[in-house]
Structure formats: structure tokens, C-alpha cells
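See below for the structure under consideration.
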There are 2 protein chains.
Amino acid sequence: MKKFVNDPATFTDEALAGFAAAHRDLVRIGAGPTHLVRVDAPVADKVAVVSGGGAGHEPLHIGYVGPGMLDAAVPGRVFTSPTPDQVQAAVQAAAGPRGALLIVKNYTGDVLNFETAAELLAADGVPVATVLVDDDVAVQDSTFTAGRRGVGGTVLVEKIAGAAADRGDDLATVAAIAAAVTAKVRSMGVALGPAVMPNSGEPSFVLDDNEIEMGVGIHGEPGRERAAMATADEIVGTLLTAIVGDLPFTAGDRVLLFVNGLGGTPLAELYLAYNGARKYLADKGIEVSRSLVGNYITSLEMPGLSITLLQLDEQTTMLWDAPVHTAALRWGR
Amino acid sequence: MKKFVNDPATFTDEALAGFAAAHRDLVRIGAGPTHLVRVDAPVADKVAVVSGGGAGHEPLHIGYVGPGMLDAAVPGRVFTSPTPDQVQAAVQAAAGPRGALLIVKNYTGDVLNFETAAELLAADGVPVATVLVDDDVAVQDSTFTAGRRGVGGTVLVEKIAGAAADRGDDLATVAAIAAAVTAKVRSMGVALGPAVMPNSGEPSFVLDDNEIEMGVGIHGEPGRERAAMATADEIVGTLLTAIVGDLPFTAGDRVLLFVNGLGGTPLAELYLAYNGARKYLADKGIEVSRSLVGNYITSLEMPGLSITLLQLDEQTTMLWDAPVHTAALRWGR
């Protein structure tokens, strides 16, 4: 195995320690079961927004902790859900009397452990609401999921719910806004190859030389089909046809177009794919009003990308544009 | 070849078109020979800061065009220098009467083509100064270079010179500040594997299963040695021993520590390496005062990283901290 690792057993702890040290103006590792909080947590008089999940998808979620987005992130081991006591500790460190919104990607382990934590927190008298993100149109059920998987849309839900909490909205409103974004966002990904697990050194799956995984999950879960390699525009067209047809997105819609690298694809290829996606959408009369291009929710070093479309209205656009200051997304402050 | 490509002949043009569309609030593609400028270029009453070089290192340089950093970037084909007429067109679009600083990575083709452009511009009456960045301590001469290669330090020179120009410094002062940064910055990289060229589909070099390239260049040029794979802390120690010993950096120094991904290494591994680098420097009494961790100067999807150290003084720190608004680096605006 050729990866930057000292000891597989301490991989996620060492990476988290490095992250916290590099961004110590923004975040700190909280006491007790592992979690990361804003350095100034709990922030008085706001709803806390908390998310988490397995490691290996960085910058998700730790890179989104800071003013205007998350108050805390709960990282598990690589591709492994955090435990309920981790979630509980994160919310206790981040939330005040106005409570906390939990943003949970729809994977069975995450759903179960965040639910258990929510029950523990409710018993402690902490007001908690939960939103499940399930934006992946590729498949209905999957290796780790009943229903659809939560993927790229999660980044947008975290940003927009974070902005709502930042302006002072109450828990019910922040939760309703997060749910509305979830209802209007759709994604699908493609892998050109596997990731390599830092604990085992093994690839997450194996593809032939001319084969791609269309509709791949962020843990390397199978998608719709093993397709033959094609041009960038053809691959982007396949992804967008599935995404646009699902909601459906229609002519006249204004959208946020998010082209996300899964980890091992050069930025130039992501921008090339973005260029193709814009042309596809222009042909359908769909207006790209906001854009995000880069590695924001990854699967370690997997070569591949995902495309996410979010239907924008005036409020959603305003909340997207609102100032944010995190390690991985920053503007306006 | 499994890459997101439509036609190898139009790869860089399509990627650049996508970049310009995604960031059309910040940049535009200029008329004439291919170059990218600030959307508001030429900006009155400031020195223009212009850089460029082969594509394939994104976000360098196009990702650094915007207020507080570059006024223009000149992208060549993948790993190929831009032509003199491209550089000339970029400077003509970006510079006013206060002239332009050209920031050039020390590769033979870049040096020659930027020199030719500088002569053409001088003949046109445009005041021009040039700084060569040659921060790579790995080797003296290399495949594309006489003297040392320009690598990670380039990002820091561009940010700091850009801040000096932004506050209104004259050309001689901006050039002197850029040269002072170049004198105080040192880097070295390591590859765990090759990049894949989008034109040929061929790997940039071949390594055995347990072999790494210690001191690799950003075009896959050979480094100091083909070493055996080791732990993250051992690899970081080898890089930092070479870097620290070269300037040398000594106890009591305050530094900017920049851990840069070469493209195909997961962010978690970069933060893990950063964690090891901090411990190494703490042991030497060197204080990490500023940090940058992520993929900022890449070699397509090469798995690997580079470490850059910059000696900080009060002015350099202030210029680093100054507001910047580009696609890839943004704070304070």
C-alpha cells in the first residue's frame, strides 16, 4: 500500500489532529467522544447545525465547521458511521437553548446512530430536529442504504441551513429550509476507478481497463451499470439526463450546478466536465445561476466526479450567497 | 485511457472555458492569444501581477486571478510553456502605466518565453520586471530546468506580491517583495505514483509497488532517489530535513507551513502529513505561524505531496493575511 499512513489504527485521529491544528482559529476537538466544534461553541442565541458521518469524504464534514455553516462535525472511522455518544457529545458542545438541527446522509448506520443520539439528547432536554439527505438518483437501495443515498446535495444543505441558523431562524424554520433544499436537489456520480482503503490497502472495487461505474456511491457502492468508457460530454450527458429527468428540472428553472470531484480527478477535468454540463443545461433552457466546482465530498482518492443540481428560488439563493467562513468554503468574511 | 476528455486537442481550451464560465464574476478569457484576466482588467493605478506556465497544475495559475493576487494568468498546453505572444497579450490586457511584474517558475521554456515577451513589452513601452521562483531544494538541474525548479513557493510569491500590488506599491517595490519571498521559501515533493497525460493517456513515469520518487518535480521529473515506501512521518521527516537544512531554517524562526497535494492524495492524508510536519518543526524550535493545506499546485492526478516552508517577518505575514478573492484562495472579501 502506498498511502501517507503511520498506523492504520490511528489514521483518522492523526488526520483530525492535523486538521484542528491547521485551522485552530476556526475549530477545536471537543472533550469526550471524538467530535469537532467551532472554536467559539456554543454560540449564544442561535440554532446549532451539526452533521457527521464516516471519514474519507473530506473536506465533508469537518471542512464545513465555522460561522455560516456547521457548528460541529462528527467524524467516524473511514467509511464508518460515528457512534451515538459522539453525536451526543458534539450536540452538547455546540447547542444552546435554541437546539440543534442534525443533517444526516441517508445510510443505515448513520440514520440509526443519529436517531439514538437524538433520543438521548431529547431525554436531556435538548431540542433536536433531523433532516435526512437522500439526493442520489442512481439507485433506490444500496449496500449501506435503504432508499436513496445522501451525496453531493449534503454540502448544499449544510451551507443553506447554516446560513438560516446564522441569521437567527428558529429550529423549526432551519429544519424546514433544510428539508426544502433536500426536496429540490438531485445528484449522480461516476467512478473511473476505485479508492484505496487506508486500513487494508485494498481497492474499494475493481474495474476493467475500459469500464466505468455509472451511478457509483461515495463508498464505492455499485451504481446503475458498469458502462464502457466514453467521452466527457457523453458521461456528463448520461448523469444529467438521469438528474434532470428525476425531479424533473424543466426549462426556465434557475439552478446551482455543482460539479464535484470524488478525489482523484484533476481539477482541469472537472472544469471540462462543468463546461459540458453548462452546454447540456443551456440546450434544455435551464439557467445556471450559481456554480461550485471542486473536491467537496470525496471518496478518498477515487477518480470520478458527481454532478448535483439544486433548483434555486430567491430565498435559497440569498442563503447560498450569505457569508461563510470554514476551511473548505469561504466567502464574504 | 480513463479520463474526462472529449478531444485531446481541445482539452486545455475546454477546461479553461469551463473555468471562465464558473468564475465569470472574477475572470474572463482575453481576446487574442489565450490568456485569462480579471474581469475588471486593466485595474487603474496598480501594478499588474501576471504569472503563467503549462496547464496541468490547476488551480495554479488560473485559480489565483482576482483581487489581491494575480491580474492575469497565461496557461500553456499541459506541461508546456505558454508562448511569448500569449504572455504579451496577457500583460497588455492587465497592465496600466504602472507596469507589470511577471512571476515565472524556473523552467527553461517558461524563462525563455517570458523573457521574449518582456522584451516585446519593453519595446512597446510597458514597464516590466520579472521574478524567477526556484524554491525546490530536491535537485540542482532537472529535465526541464537549469538550476532549481519552481514549485510550491510560487503560490506564496503570487499571494504576497499580489497583496503588495493591491495596496498600491510601485513596480520596483512589488518586485523586491517577490524576490525577498523567493529568497526565503524552500520546498520539496514526493510522488507515490505518476500522473496520466490527457493527450497520450500515458503515465508520466513508472514506479514499482514499494517505490516512491523522493524529490519529484511537478512534471514528474526525477528527484533525488527512488526510495522504498515508508511511514508518513518518515517521508515528511526526509522532506523537512532537506528543506530546513537548505536555507537553513533555525530555532526561533516563524514560518508558514504549506502542505500541498499533488492531485491524487486524499485530503485526510495531507492533514495527517501536516500533523507530522508540525511535530517535526516543534522539535526543532520552529514556530508554525501560518498554514496552508490542500491541492494548490498539482501535477494532474499524481498521488503525492510537497512541503513548502516560508520564513515569515512582520511585513510578509501582513501581506499573506491581506484580503484575497480568487477561485482557489479567498479570505477577507
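The values are calculated or read from the model by the stated rules, or taken from the named source; none is laboratory data. As the structure is a computational prediction, the values presented were derived from the model and not from experiment. When we count neighbours, we look across all protein chains shown, and the Cβ atoms used for this are built from the backbone with ideal geometry, even at glycine. Note: areas computed on protein heavy atoms with side chains; ligands, DNA, RNA excluded. Shrake-Rupley method; radii C 1.70, N 1.55, O 1.52, S 1.80 Å.
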**Prompt:** Looking at (1) of a type outside the set (A, V, I, L, M); (2) open to solvent by 10 Å² or more (accessible area, probe 1.4 Å); (3) more than 18 Å from residue B:162 (Cβ to Cβ), can you tell me which one residue B:96 breaks?
**Reply:** (3)
**Request:** Scan the range A:204-224 for residues that are in contact with a strand residue (DSSP E or B) (Cβ under 6 Å, 6 or more places away or on another chain), within 16 Å of residue A:306 (Cβ to Cβ) and either open to solvent by 40 Å² or more (accessible area, probe 1.4 Å) or of a type in the set (Val, Ile, Thr) (or both) and report the count.
**Result:** 3
**Request:** Sort out for me the strands (runs of 3 or more DSSP E) sitting completely within the range B:203-319 that have 3 or more residues that are at positive phi and touching a residue at least 60 places away in the same chain (Cβ under 8 Å).
**Result:** none
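Provide a single number: the residues in the range B:123-152 that are in contact with a strand residue (DSSP E or B) (Cβ under 6 Å, 6 or more places away or on another chain), not in a strand (DSSP E or B) and not β-branched (Val, Ile, Thr). Give the derivation first.
The initial filter retains those residues of the range B:123-152 that are in contact with a strand residue (DSSP E or B) (Cβ under 6 Å, 6 or more places away or on another chain), namely B:128-133, B:135-138, B:148-152.
Retained after the next criterion (residues that are not in a strand (DSSP E or B)): B:135, B:137-138, B:148-152.
Now restrict to residues that are not β-branched (Val, Ile, Thr): B:135, B:138, B:148-150, B:152.
Residues that pass the stated criteria total 6.
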**Message:** Quick check on residue A:233: is it closer than 22 Å to residue A:182 by Cα, open to solvent by 10 Å² or more (accessible area, probe 1.4 Å) and not β-branched (Val, Ile, Thr)?
**Reply:** no
**Message:** Based on this model, can you work out whether residue B:171 counts as out of contact with any helix residue (DSSP H, G or I) (no Cβ under 7 Å at 6 or more places or on another chain) and within 13 Å of chain A (Cβ to nearest Cβ)?
**Reply:** no
**Prompt:** Yes or no: residue B:164 surrounded by fewer than 18 Cβ atoms within 10 Å (Cβ to Cβ), within 28 Å of residue B:94 (Cα to Cα) and either in contact with a Leu (Cβ under 6 Å, 6 or more places away or on another chain) or among the small types (Gly, Ala, Ser) (or both)?
**Reply:** no
**Item:** Residues that are open to solvent by 10 Å² or more (accessible area, probe 1.4 Å) and in contact with a helix residue (DSSP H, G or I) (Cβ under 8 Å, 6 or more places away or on another chain), drawn from the range B:146-158
**Value:** B:146
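Which residue out of A:201, A:189 is within 14 Å of chain B (Cβ to nearest Cβ), small (Gly, Ala, Ser) and open to solvent by 10 Å² or more (accessible area, probe 1.4 Å)?
A:201
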**Request:** Return the residue satisfying two criteria in turn: it lies in the range A:124-145 and is touching a residue at least 24 places away in the same chain (Cβ under 8 Å) and among the small types (Gly, Ala, Ser), and of such residues it is surrounded by the most Cβ atoms within 10 Å (Cβ to Cβ).
**Result:** A:138
**Complete:** Filter the range A:284-298 for residues that are in contact with a Phe, Trp or Tyr (Cβ under 9 Å, 6 or more places away or on another chain) and more than 9 Å from chain B (Cβ to nearest Cβ); the one that is least open to solvent (accessible area, probe 1.4 Å) is A:286
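Evaluate the following for residue A:45: is it among the charged types (D, E, K, R), without any contact (Cβ under 8 Å) to a residue 60 or more places away in the chain and open to solvent by 30 Å² or more (accessible area, probe 1.4 Å)?
It is false that residue A:45 is among the charged types (D, E, K, R), without any contact (Cβ under 8 Å) to a residue 60 or more places away in the chain and open to solvent by 30 Å² or more (accessible area, probe 1.4 Å).
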**Failed criterion for residue B:39 (all others in (1) farther than 21 Å from residue B:127 by Cα; (2) surrounded by fewer than 24 Cβ atoms within 10 Å (Cβ to Cβ); (3) touching a residue at least 24 places away in the same chain (Cβ under 8 Å) hold)** = (3)
**Item:** Scope the range A:225-260; condition in contact with a strand residue (DSSP E or B) (Cβ under 8 Å, 6 or more places away or on another chain) and closer than 21 Å to residue A:294 by Cβ; matching residues
**Value:** A:235, A:236, A:239, A:240, A:243, A:255, A:256, A:257, A:258, A:259, A:260
**Asked** Exactly one of (1) at the interface with chain A (Cβ under 10 Å from one of its Cβ atoms); (2) under 23 Å from residue A:8 (Cα atoms) is unmet by residue B:333. Its number?
**Response** (2)
**Message:** Can you find a residue that is of a type in the set (Gly, Ala, Ser), modelled with pLDDT of 95 or more and surrounded by fewer than 19 Cβ atoms within 10 Å (Cβ to Cβ) anywhere in the range B:261-283?
**Reply:** yes
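For the condition more than 20 Å from the chain's Cα centre (by Cα) and touching a residue at least 60 places away in the same chain (Cβ under 8 Å), what is the one hit in B:19, B:79, B:11?
It is B:11.
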